[in-house]
Amino acid sequence: MTILTYRASDIIRLLERKYPIENFLSVPECKIGATWSKSTCSRFDMWVMARSWAHPRFIGCEIKVARSDFLRDEKWQNYLPYCTEFYFVAPPGIIDPSEVPEAAGLMVTTKNCKQLITKKKAPVRDVEIPRSILIYLLMCRTRVTVDNTARCQEAIWRDRLQQMKVNKSLGLDVANHISRLVDKKVKIIIDENRTLKEENRRFEAVKYCMDDLGISLDRHSGWAGIKRKLEEALSGIPFDLPQFLEQIKLNASRALEVLETKSKDD
């Protein structure tokens, strides 16, 4: 069975990845003041400052890779004046969230130490950061470089141009998608129009035949009348011919009776 060994340096790298340099200033082993002012000087395992004027954040992290170290820790409260959020950071099984003090939060690594998971969110405290830690950062952890204003402007314009390219590409994708949708709709409409024209052509042919047979939609009300006239035309025998012949027969019979009566009288 493989026993995993967790190192503070591995957790430091996870914190640096969680707080990337583009948005945060991360300082490992960050002292809270001058080293020479006292025999010992407390230091954060990691101190993080957000790169934001509008939403400032100062995050202090204390790494614990052994449970005994967490249980014996009596100095963590000394860090609170130097951060707006304070976190214990540990491998799994070292600290239970229920053991974390109210003023602190807890982040735990995954078993393979590839990711950090926030088990208890640290409360955000309204703290005015002491000058001592900021002076320490400027004096001991900062390297002054030449004026890079022009370089920053160049980076800004480069980012803008890159964003313009992205927006242009996105616009082309949207335009192509809309064009495909329009083409599809146009094809559907063209097909529907072609079908309607064909149906109209067939209707005109039927209407022509009906006119030729003397069947008018105006004169024959309802589909029943039209159907009857069509059946007459198709059979070649008028629909009322049997009744007509029967009436002729009846009239002829009456005429014969009249003639016979007249002959007897003469």
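FYI, it's all coordinate maths here, none of it is from the lab. Small disclaimer: the values here were computed from a predicted structure and weren't measured. Please note: Cβ atoms are built from the backbone with ideal geometry, for glycine as well, and neighbour counts cover all protein chains shown.
At a glance:
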| quantity | calculated |
| --- | --- |
| Residue-wise HN-Hα coupling along segment 184-189, computed from phi with Karplus coefficients 6.51, -1.76, 1.60 (Hz; x: Gly, Pro) | 5, 5, 4, 4, 4, 5 |
| Local electrostatic count at Pro28 - Lys and Arg +1, Asp and Glu -1, tallied over other residues with Cβ under 15 Å | +2 |
| Cα-based convex hull, segment 8-143, per residue volume (Å³, whole number) | 117 Å³ |
| Derived scalar couplings ³J(HN,Hα) [segment 193-203; Karplus, 6.51 cos²θ - 1.76 cosθ + 1.60; whole Hz; x for Gly, Pro] | 5, 5, 5, 5, 4, 5, 5, 5, 4, 5, 4 |
| Karplus (6.51, -1.76, 1.60) ³J(HN,Hα), θ = phi - 60°, over segment 126-139, in Hz, Gly and Pro reported as x | 7, 10, 8, 5, x, 5, 4, 6, 5, 5, 4, 4, 5, 7 |
